[in-house]
Structure formats: C-alpha cells, structure tokens
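The values are calculated or read from the model by the stated rules, or taken from the named source; none is laboratory data. Computed from a predicted model, the values in this text were never measured in an experiment. Using ideal geometry, Cβ is built from the backbone for each residue, glycine included, and neighbour counts are taken over all protein chains shown.
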Amino acid sequence: MRQSVRKKTAYFGVFTALALIFSYVETLIPFEIGIPGVKLGLANLILVIALYKMKPASVYCLSVVRVVLSGFLFGSLFSIVYSLAGGLLSVSVMLLLKKRGSFSILGVSLAGGVSHNIGQLFVAMLVVETYQVSYYLPVLLICGVLTGLLIGILSREMLKRLTRLEME
C-alpha cells in the first residue's frame, strides 16, 4: 500500500472518530427548544473541515459513515434516516457553494446548517404524510443559521491552525 493511501486512510479514520466523539458529546448537552431533532450539530465541524481538506467523495463517505455509526450508537433507525437526508443535502449544498468560490467558510457552513434542516423537514413530511410539519420551517431556518454560523466560525479557526494538514 502506498504511503499516500495509508495517510488518507488514517486521516479518514481520525476524522470519523472525531465526528463520533462530537456526536456523543452532543448527546450529553441538554439543548432542547421544543422542536424534535434540533441539535447543535457539533459533528458538522468535522465535516466542514473535511470539506476543505478532503476530496468530495471522501466527504460524502465521511458524512454517511458518521450518520450511520452515530445513529446505531446514540440514536435510532429514524434518526439515521432523518440525518442522512439532512447530511447528504447539506454536503451537496456546501460542496456546490465551495466550488463556486464566492462564499466564505461562514457562508458555506451557514448554507449547510439551513439545508440540513430542510432535508430533515422533507423527510418528516414524507414520514407523517402531511405538509403541516412545514410550520416548523421558520424556527428550523433560524436554528440552521445560528448553528451554521457557530460551526463556520469554529471551522474557520480550526482551519487556520491546520494549515500544514495536507490530505490530498
């Protein structure tokens, strides 16, 4: 196995472990605003960093692995379904905006937070077979903006300190 493949595999494992640790830590934080599924999204910090350090396919893979493992460890089958929908939409939107180059890391992260909540809301509409859950949209958008900004600020600061980390 070549050195670069081993290095990429090791970084992927470290990023996965960190995302799982942040997912676990998030289960310990009492954050309740009365709307099911609203979380701080601490594990998304790792995904945003990976977005700027890994290839797109690796970021998608990291997102899926993190959602499935954390769902089995700390959640349920429904949490996996909701998180996969939100996570895949979020990664897609963030990759698209990053590729455009006209958005800062804060803008990319903010869009990721908002699109994650929109993806979960669409799944909720399909599961409960009604559009009435869309009444949660304004609150979910506000939460997505706030958590997206928080994750964006933390990601920006982390990336400043990870300048020597080359994964590609």
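Annotation note: of Ser102, Ser83, the sole residue that is crowded, with 18+ Cβ neighbours inside 10 Å, on the phi < 0 side of the Ramachandran plot, modelled with pLDDT under 95 and of a type in the set (Ser, Thr, Tyr) is Ser83.
In region 43-51, is there at least one residue being free of Cβ contacts under 8 Å to residues at least 60 places away in the same chain, part of a loop (DSSP other than H, G, I, E, B) and crowded, with 18+ Cβ neighbours inside 10 Å? Scanning region 43-51 turns up at least one residue that is free of Cβ contacts under 8 Å to residues at least 60 places away in the same chain, part of a loop (DSSP other than H, G, I, E, B) and crowded, with 18+ Cβ neighbours inside 10 Å. From Leu96, Leu162, Leu146, which residue is at pLDDT below 95, within 23 Å of Phe15 (Cα to Cα), aliphatic (A, V, I, L, M) and surrounded by fewer than 18 Cβ atoms within 10 Å (Cβ to Cβ)? Answer to the check: Leu162. Within region 106-131, if we keep just the residues that are β-branched (Val, Ile, Thr) and touching a residue at least 12 places away in the same chain (Cβ under 8 Å), the residue that is farthest from Leu154 (Cα to Cα) turns out to be Val127.
Checking the stated criteria, Val64 turns out not to satisfy the condition of being touching a Lys or Arg at 6+ places or on another chain (Cβ under 6 Å), modelled with pLDDT of 90 or more, part of a helix (DSSP H, G or I) and under 23 Å from Tyr11 (Cβ atoms).
Is it fair to say Val91 is touching a Phe, Trp or Tyr at 6+ places or on another chain (Cβ under 7 Å) and closer than 20 Å to Leu40 by Cα? Lay out the reasoning, then the answer.
Working: touching a Phe, Trp or Tyr at 6+ places or on another chain (Cβ under 7 Å): yes; closer than 20 Å to Leu40 by Cα: yes.
Against the criterion (touching a Phe, Trp or Tyr at 6+ places or on another chain (Cβ under 7 Å) and closer than 20 Å to Leu40 by Cα), Val91 qualifies.
Is at least one residue of region 104-119 assigned to a loop (DSSP other than H, G, I, E, B) and either among the charged types (D, E, K, R) or within 21 Å of Ile49 (Cβ to Cβ) (or both)? The answer is yes; a qualifying residue exists.
Would you call Phe78 among the hydrophobic types (A, V, I, L, M, F, W, C) and not in a helix (DSSP H, G or I)?
For Phe78, the condition - among the hydrophobic types (A, V, I, L, M, F, W, C) and not in a helix (DSSP H, G or I) - is not met.
For a quick check of your reading of the model, give me the residue pairs whose first member lies in region 1-23 and is of a type in the set (Val, Ile, Thr), whose second is surrounded by 11 or more Cβ atoms within 10 Å (Cβ to Cβ) and in a helix (DSSP H, G or I), with beta-carbon atoms closer than 6 Å and at least 6 apart or on different chains. So the pair list comes out as Thr16/Val65. When the residues of region 1-52 are filtered to those that are modelled with pLDDT under 95 and of a type in the set (S, T, N, Q), the one that is nearest to the chain's Cα centre (by Cα) is Asn44. When Ser70, Ser90 are checked against the criterion of being touching a Ser or Thr at 6+ places or on another chain (Cβ under 8 Å), under 26 Å from Ala10 (Cα atoms), at pLDDT below 95 and surrounded by 17 or more Cβ atoms within 10 Å (Cβ to Cβ), a single residue qualifies: Ser70.
Of the residues making up region 52-61, just one is surrounded by 17 or more Cβ atoms within 10 Å (Cβ to Cβ), of a type in the set (A, V, I, L, M) and more than 19 Å from Asn117 (Cα to Cα), namely Met54.
For Phe103, the criteria (1) out of contact with any Lys or Arg (no Cβ under 8 Å at 6 or more places or on another chain); (2) touching a residue at least 24 places away in the same chain (Cβ under 8 Å) hold in every case but one, which is (2).
Residue-level check: of (1) crowded, with 19+ Cβ neighbours inside 10 Å; (2) closer than 16 Å to Leu45 by Cα, Leu140 misses just (2).
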